[in-house]
Amino acid sequence: MPRLVLIDGSSYLFRAFHALPPLTNAQGEPTGALFGVVNMLRATLKERPDYAAFVLDASGPTFREALYPEYKANRPPMPDELRAQVEPMCRIVEALGFPILREEGVEADDVIGTLALRAAAEGIDVTISTSDKDFAQLVREAAPGQGLVELVNTMTGSRMDSVEAVVAKFGVRPDQIVDMLALMGDSVDNIPGVPKCGPKTAAKWLAQFGTLDGVVAAADTVKGKIGENLRDALGHLPLSRELATIRTDVALPVGPRDLGLRERDVEALRELYTRYGFNQALRELDGGSAVDAAEKEPARARGGARYAAPAGGDAPAPDPALSAPGEYETILDVPRLETWIAELRRAGRFALDTETDSLDPMRARLVGISFAAQPRRAAYLPLGHDYPGAPSQLDRDTALEMLRPLLEDPQVAKIGQHGKYDLHVFRRHGIAVRGYADDTLLESFVLNSSQRHDMDSLARRLLGYETLPYEAVAGKGARQIPFNAVAVDDATRYAAEDADITLRLHHALSPRLAEAPGLQKVYREIEMPLVEVLARIEANGVMVDADELRRQTADLSRRMLAAQNKATELAGRSFNLDSPKQLQALLFDELGLPALVKTPKGQPSTNEEALEAIADQHELPRVILEYRGLAKLRSTYTEKLPEMVNPDTGRVHTSYHQAGAATGRLASSDPNLQNIPIRTVDGRRIRKAFVAPEGRRLVACDYSQIELRIMAHLSQDEGLLGAFAAGADIHRATAAEVFGRRLEEVTPEERRAAKAINFGLMYGMGAFGLARNLGIGRGEAQDYIATYFSRYPGVRDFMERTRQQAREQGYVETVFGRRLYLEFIQRGNQAQRAGAERAAINAPMQGTAADIIKRAMVDIDAWLAGQGGRALMILQVHDELVFEVDAGFVETLLAEVPARMSAAAELRVPLVVESGVGMNWDEAH
DNA sequence: GTCCCCTGCAA
DNA sequence: TATTGCAGGGGAC
């Protein structure tokens with residue numbers, strides 16, 4: 001007969017918490033209750049039930065509160081050490097494969113009761129695993145076609161599987177338990193009973209009178225003080241009985257047969273057991289002895305990642321030494337710091353990390369520094385914890401002067417995780433770090449750009465180590481406190497761990513790079529040298545004319561208001577033009593215009609394409625498009641950029657994310673300066689607000705058609721190579737080929753179509769996309785593409801080769817050996833595979849372009865370093881570099897920079913660079 | 001407050 | 001059913 005195990009999670013959590021000593025793991029987190037629950041669950045799994053569920057109380061009121069507002073009023077709030085264990089417990093339960101049930105408005109008891117009786121009725125044997133005696137009321141013996149319901153308490157090992165067993169334990173039958181509980185009452189749940197009536201008395205009365213009703217009827221015959229108490233309690237006994245009754249008829253979204261156990265997630269369990277120090281469980285996991293059911297399937301894949309490819313680079317069984325907890329100390333006096341400095345110097349290389357009071361490296365103040373020279377041993381040097389009662393710390397400037405020789409010594413190698421941030425912090429505190437040798441973020445990025453590279457993920461994946469989350473020491477959301485307000489002890493656990501884990505990650509990652517010489521070269525020759533260059537660009541910042549932007553804001557506001565009035569008039573009522581939802585109701589429901597475009601979720605879209613499509617049927621769509629364009633410029637640019645000016649420098653400092661795009665491109669944020677408008681007149685005005693200071697100029701240098709040139713190089717297509725060699729206008733040349741014209745005969749319309757083909761091909765576009773882009777029929781678009789491929793057969797072959805390579809080896813490469821893994825190319829569904837193929841075609845071109853400009857940046861930065869500050873690199877926009885240059889130095893820069901950009905790669909086509917000079921970014925184009 | 005959706009800017 | 005990103009406002013929870 002199949003068996004269902006229902007686990008009363010809440011009861012175990014409480015009992016284990018109170019029964020076990022207050023255990024903690026190496027990080028000092030409480031683990032006692034967790035430990036108890038985990039052991040109970042492991043014992044349950046060994047019994048191999050067919051179905052199981054872990055049931056918890058949900059928040060929110062239940063019917064019992066409605067019945068009796070004082071219900072559970074005496075219950076003390078959950079202790080913090082216990083509360084902290086709930087979330088990890090759920091993660092372990094999940095990872096073990098148990099379904100978790102948490103029903104809003106229904107207590108766990110009633111969920112269990114309902115499922116138990118339903119299952120028994122369906123012929124399933126039910127084991128309720130609980131430490132709560134109240135469940136004895138549910139015990140049933142098996143009957144024909146009916147399963148039994150039994151109780152086990154794995155903490156005591158007791159089992160109640162028959163009426164007899166219940167009688168033996170409580171002196172009453174299961175059907176009398178509720179009456180007994182009503183008579184006894186329950187002080188914890190605040191259920192009133194008969195004062196002085198305990199289990200013995202209740203059992204005696206029930207043996208005598210049969211039921212609660214019988215007891216009530218015979219109340220007058222009970223003698224003595226307790227008889228009086230009984231008679232006084234008569235009024236509330238029915239209520240008490242109802243409160244004590246476990247419901248067996250609540251509505252639930254699942255039935256017993258929905259509660260199959262999933263395969264356990266071994267990786268997740270390893271991490272969690274490691275983190276909480278459950279060594280026995282860990283050994284069992286590795287030995288695989290106890291629960292072998294799980295080994296059949298790999299741990300479930302992580303969702304979300306678009307490429308996410310394990311291929312060569314994924315988690316080995318973590319070395320236990322790497323995943324063990326570390327021992328951390330706090331440096332509070334000069335001798336201790338001297339000892340550490342000596343040790344770090346002796347080691348010759350060490351991991352370091354800074355803690356600050358802000359995420360913005362251009363505003364952050366140093367709060368502390370951590371170091372690690374060998375795994376599992378790290379120290380935290382607090383310098384700026386200033387909460388009331390903070391321990392006395394070393395003076396910041398004194399400590400920094402002590403550290404300066406070490407930090408500025410290029411012979412002592414430093415290892416960081418996202419060290420660019422720390423370089424900023426040190427620079428702004430007067431330390432020019434040298435010898436920044438390795439960055440685990442970039443090691444991971446180069447090894448497999450599709451995965452996550454944050455320290456928590458890396459530690460989990462590569463070390464099987466669960467880091468202390470930042471939220472655990474600083475809180476989260478609105479209640480988050482700055483790091484300087486974090487207690488020094490907590491800070492030490494968090495910060496020293498950062499340095500320790502950085503070092504361990506480097507030990508895990510660098511051998512993998514060594515195994516892949518091509519990748520190591522990308523890491524060593526492109527990414528690592530770029531770190532300091534990016535830090536310099538960010539620190540340089542760009543001057544923004546805030547007044548000009550404010551004038552533009554005013555102008556945009558005026559025109560938005562006009563558009564809004566016009567829209568209100570046309571619609572016949574007012575509505576929120578910023579709300580796609582309201583817009584959709586207005587256009588498609590009220591005005592009855594056709595909804596020709598759908599959003600990804602199937603809603604009628606109000607995007608530009610959709611509005612353009614109905615613009616000839618109504619005036620409103622055009623007005624909305626006008627409004628949208630203005631609103632975008634105002635909210636994203638003219639209003640925001642002035643707010644981003646750093647008060648110290650008077651300039652805007654973006655952040656470049658070196659591991660931001662899987663193809664190898666940089667990404668920019670806070671603010672994003674890689675998407676400043678250029679295509680419309682209003683948009684271009686914003687570029688006029690990016691200015692050069694008095695006596696200087698902005699110089700913009702951009703690669704001409706770099707991705708198409710790379711396509712020519714990679715495909716070695718003769719036609720394409722020839723066109724670039726001849727210095728032709730490539731879109732015109734393409735049009736001439738595809739439309740069978742002489743170059744000078746190509747019409748603007750044909751050139752536009754050819755341009756769309758060129759760009760579309762680089763993105764792996766099909767006939768459908770080209771048709772939509774050009775507003776032509778699909779057949780016609782297909783003809784264009786066919787003609788294109790017949791004129792440029794090398795391109796067609798190249799694309800097929802690329803797809804093939806991606807399918808066979810799971811990744812594609814740039815000219816410089818950077819890889820992009822494409823997980824879905826082999827095992828995705830149809831749409832995912834198609835998407836992966838498009839990405840595969842695009843990545844070598846986009847990625848090679850990224851490699852090239854990165855190389856150029858490193859080279860140019862080195863050159864600029866010797867030019868006495870007469871020019872600064874201030875922006876990178878994928879194929880463009882922007883410089884701020886002394887007016888008298890412009891000539892020199894123009895003689896030097898474009899040449900260096902061109903020389904950044906040797907391709908089969910020339911790398912042409914175009915330059916412009918002006919007082920602002922618009923003019924420099 | 002946080003998260004998701006829709007929208008739109010750049011190369 | 002065209003690649004890579006970042007970010008705004010609305011609105012549900």
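Of note:
- The slack between A:Glu329 and A:Asp670, meaning 0.36 nm per residue of separation minus the straight C-alpha distance, is 119.3 nm.
- 5 angstrom amide H check on A:Arg665, placed H, neighbours 5+ away: none
- Cα-derived Rg to Rh of region A:320-515, Kirkwood definition: 0.94
- Cα extents of region A:589-644 along the three principal axes, largest first (Å): 42, 27, 18
- Within chain A, percent of DSSP bridges classed antiparallel, to nearest 5: 65 percent
- Taking only the C-alpha atoms of chain A, Rg followed by Dmax gives 35.1, 118 Å.
- Accessible surface ranking that places the most exposed of A:Met155, A:Met1 first, with a 1.4 angstrom probe: A:Met1, A:Met155
- Backbone N under 17 Å from the A:Ser162 label point (7 Å along Cα→Cβ), restricted to region A:132-146: A:139-144
- Label-zone membership for region A:795-815, site A:Glu718, 7 angstrom Cα→C-beta point, backbone N under 19 Å: A:795-799
- Under Karplus coefficients 6.51, -1.76 and 1.60, residue-wise ³J(HN,Hα) of region A:719-729 in Hz, glycine/proline x: x, 5, 4, x, 4, 5, 4, 7, x, 6, 6
- Ordering A:Glu103, A:Glu242 by accessible surface, largest first, gives A:Glu242, A:Glu103; the 1.4 Å probe counts only protein heavy atoms, with every chain in place.
- With protein chains left intact and a 1.4 Å probe, residues in region A:659-743 average 39 Å² of accessible area per residue.
- Over 26 Å [Cα-Cα, region A:774-925], rounded percent: 47 percent
- Rounded to 10°, Cα long-axis angle of helix A:32-46 versus longest principal axis of chain A: 80 degrees
- Normalised convex hull volume, region A:179-296, alpha-carbon set, Å³ per residue: 207 Å³
- Taking amide hydrogens as placed 1.01 Å from N in the peptide plane, the amide H of A:Thr31 sits under 5 Å from those of A:Leu23, A:Thr24, A:Asn25, each at least 5 positions away in sequence or on another chain.
- Full extension of the chain between A:Ser457 and A:Lys581 gives 40.9 nm of extra length, using 0.36 nm per residue less the Cα-Cα distance.
- Pairwise label distance in nanometres, A:Ala143 with A:Ala121, each label 7 Å out on the Cα-Cβ vector: 1.2 nm
- Per-residue SASA entry for A:Cys90, accessible area with 1.4 Å probe, Å² rounded to 10: 20 Å²
- Mean separation of Cα contacts under 8 Å (6+ apart) over length of region A:320-515, as relative contact order %: 29 percent
- The HN-Hα couplings worked out from phi for region A:5-14 by the Karplus form 6.51 cos²θ - 1.76 cosθ + 1.60 (θ = phi - 60°) are 10, 10, 9, 7, x, 4, 5, 5, 4, 5 Hz, whole numbers, x standing for Gly and Pro.
- At the residue level, A:Ser790 shows approximately 70 square angstrom of accessible surface with a 1.4 angstrom probe and all protein chains present.
- C-alpha long axis of helix A:620-632 to longest principal axis of chain A, angle in °: 90 degrees
- Under the convention that each Lys and Arg Cβ holds +1 and each Asp and Glu Cβ holds -1, the size of the dipole of chain A around its Cα centre is about 740 debye.
- Accessible solvent surface per residue of region A:320-515, calculated while the other protein chains remain in place, 1.4 angstrom probe, Å²: 38 Å²
- Here r is the Cβ-Cβ distance between A:Glu343 and A:Thr398 and R0 is 22 Å; the resulting FRET efficiency, rounded to 0.05, is 0.70.
- Surface share of carbon and sulfur [accessible, 1.4 angstrom probe, percent] for chain A: 50 percent
- With every protein chain in place and a 1.4 angstrom probe, the accessible-area ranking of A:Asp50, A:Asp186, A:Asp80, largest first, reads A:Asp80, A:Asp50, A:Asp186.
- Site pair A:Ala432 and A:Cys90 shows an inter-label distance of 5.2 nm when each label is modelled 7 Å from Cα along Cα→Cβ.
- Surface calculation, 1.4 Å probe, protein heavy atoms: A:Met560 sits at approximately 10 Å² accessible.
- Other residues lying with their Cβ under 13 Å from the Cβ of A:Gln658 contribute a combined charge of -2, Lys and Arg counting +1, Asp and Glu -1.
- Part-to-part distance (alpha-carbon centres) for region A:217-268 and region A:146-196, which is given in Å: 10 Å
- Length released on extending from A:Asp489 to A:Ala862, taking residue separation times 0.36 nm less the Cα-Cα span: 130.0 nm
- Residue pairs exceeding 20 angstrom between C-alpha atoms, taken from A:Lys566/A:Lys640; A:Lys632/A:Lys755; A:Lys200/A:Lys223; A:Lys133/A:Lys204; A:Lys196/A:Lys225: A:Lys566/A:Lys640; A:Lys632/A:Lys755.
- Chain A: angle of helix A:108-121 to the longest principal axis, Cα-based, in degrees nearest 10: 70 degrees
- Residues whose amide H comes within less than 5 Å of that of A:Thr330, counting only those at least five positions distant or on another chain, are A:Tyr380 (H built at 1.01 Å from N in the peptide plane).
- For region A:323-336, putting each phi into the Karplus relation 6.51 cos²θ - 1.76 cosθ + 1.60 with θ = phi - 60° gives couplings of 9, 6, x, x, 10, 10, 10, 9, 9, 10, 9, 4, x, 5 Hz, in residue order, rounded to whole numbers and with x for Gly and Pro.
- From its DSSP helices (H runs of at least four residues, each -39,500 (n - 2.57)), chain A gives a residue-normalised ellipticity at 222 nm of -14000 deg cm²/dmol.
The values are calculated or read from the model by the stated rules, or taken from the named source; none is laboratory data. Just so it is clear, the model here is predicted, and its values are computed rather than measured. With ideal geometry, Cβ positions are generated from the backbone for all residues, glycine too; neighbour counts draw on all protein chains shown. The accessibility values were calculated without ligands, DNA or RNA, using every heavy atom of the protein model including side chains. Shrake-Rupley method; radii C 1.70, N 1.55, O 1.52, S 1.80 Å.
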